[in-house]
1. List every residue pair whose Cβ atoms lie under 6 Å apart, where the two residues are 6 or more positions apart in sequence or sit on different chains, the first residue falls within the range 64-79 and is loosely packed, with under 12 Cβ neighbours inside 10 Å, and the second residue, located anywhere, is assigned to a strand (DSSP E or B).
2. Taking the range 19-39 as the region of interest, how many residues are at pLDDT 90 or above and open to solvent by 60 Å² or more (accessible area, probe 1.4 Å)?
3. Being modelled with pLDDT of 90 or more, over 12 Å from the mean Cα position of the chain (by Cα) and not small (G, A, S) is the filter; apply it to the range 40-63 and report the residue that is least open to solvent (accessible area, probe 1.4 Å).
4. Go through the range 40-69 residue by residue and tally those that are over 21 Å from G22 (Cβ atoms) and not hydrophobic (A, V, I, L, M, F, W, C).
5. Could you tell me whether any residue of the range 5-18 is open to solvent by less than 20 Å² (accessible area, probe 1.4 Å), among the small types (G, A, S) and assigned to a loop (DSSP other than H, G, I, E, B)?
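The values are calculated or read from the model by the stated rules, or taken from the named source; none is laboratory data. If you're wondering where the values come from, they're calculated on a predicted model, not measured in any experiment. Glycine also receives a Cβ, built like all others from the backbone with ideal geometry; neighbour counts cover every protein chain displayed. Heads up: the accessible areas ignore ligands, DNA and RNA and are worked out on the full protein's heavy atoms, side chains in. Shrake-Rupley method; radii C 1.70, N 1.55, O 1.52, S 1.80 Å.
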Amino acid sequence: MTLTLKDMTAGRSARVTGYAPGGAAYRQKLLSMGLTPGTALRVIRVAPLGDPVVIEVRGYQLSLRKAEAEALSIEETAA
């Protein structure tokens, strides 16, 4: 099942499956931050209103705004 980061809660793990339709504005930015298809990530923190989302990817923590998080398609994995 394909999700976006806004659907995830803190402590959950996932992997990048692609980019949401209409997310072209953020696609290059996400790619340059290392969020390429197949990359594993873990949700560290979600702000009360869902903006920003802090994830751990490739050994560093990354904070994404809600619009950026919605542009990323992910698949939940076992921790």
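1. If the second residue must be assigned to a strand (DSSP E or B), the pairs left are A79/S13.
2. So the answer is 1.
3. Y60
4. Matching residues across the range 40-69 total 9.
5. No: the range 5-18 contains no residue that is open to solvent by less than 20 Å² (accessible area, probe 1.4 Å), among the small types (G, A, S) and assigned to a loop (DSSP other than H, G, I, E, B).
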